[in-house]
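Notes follow once the structure below has been shown.
The values are calculated or read from the model by the stated rules, or taken from the named source; none is laboratory data. This is a predicted model, so every value here is computed, not measured. Here Cβ is always computed from backbone atoms with ideal geometry, including for glycine, and neighbour counts include all displayed protein chains.
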Amino acid sequence: MKLFKRTGVAVLLTVMMIILAVGIGLARRPGSGGHVATTQDAPWFVSDQAGVLSSSGIKQLESNNRSLDSSMGVVIGCLTCNYGKADLGNYAMEQAEKMGLGANDFMVVLDISGENYWLIQGSGLTDLFTDDDCAAYAHEYMEEPFAKGDYTQALLSLSDALTQWYQTHYLA
């Protein structure tokens, strides 16, 4: 055990630990593409359970998520459903967890039968993007197309707005 009492060995071990810590930090940095979309019912975090989205819209939302993931390490989970109950916020949280969304991601749920929608932010965004911001963005970017039944456009509009928000506010 005298080996560990030598200054040179202590310095070498310290340097090795620092290199290891930096390597781990770089492996999980934003923009490293940390999301893995493996669920068959929500590839790239888009799930059209209600069957109301166009195939081109789904592809665009998935493409947007791939781009966000590769550039910033974030995604926007999108779900359409026929939930029809009053606690859509809780349902959105459950679905975000099922999709495996992280602290810096968003989740938007369109409840077609309940004629409602909900946007939630991950816990890492609550200081930058409040619950009031979620409600305001959802209303501003989705209300008109949602009311017209253009659910694809509602999601694309919100997704574009959130992408712009990430580009100007997200601290990577």
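If I filter segment 85-99 for residues that are under 16 Å from Pro43 (Cα atoms), touching a helix residue (DSSP H, G or I) at 6+ places or on another chain (Cβ under 9 Å) and not in a loop (DSSP other than H, G, I, E, B), do I get at least one hit? Taking every residue of segment 85-99 in turn, at least one turns out to be under 16 Å from Pro43 (Cα atoms), touching a helix residue (DSSP H, G or I) at 6+ places or on another chain (Cβ under 9 Å) and not in a loop (DSSP other than H, G, I, E, B). When segment 42-77 is filtered for residues that are touching a helix residue (DSSP H, G or I) at 6+ places or on another chain (Cβ under 9 Å), closer than 17 Å to Asp111 by Cα and not hydroxyl-bearing (Ser, Thr, Tyr), the ones remaining, listed by number, are Ala42, Phe45, Val46, Asp48, Ala50, Val52, Leu53, Ile58, Ile76, Gly77.
Take the conditions (1) modelled with pLDDT under 95; (2) buried (at least 21 other Cβ atoms within 10 Å of the Cβ); Leu155 misses just one of them, which is (1).
Restricting the first member to segment 133-152 and to residues that are on the phi < 0 side of the Ramachandran plot, and the second to residues that are acidic (Asp, Glu) and outside any helix (DSSP H, G or I), the beta-carbon pairs closer than 9 Å and six or more apart or on different chains are Glu144/Asp150; Phe146/Glu115; Ala147/Glu115; Tyr151/Asp48.
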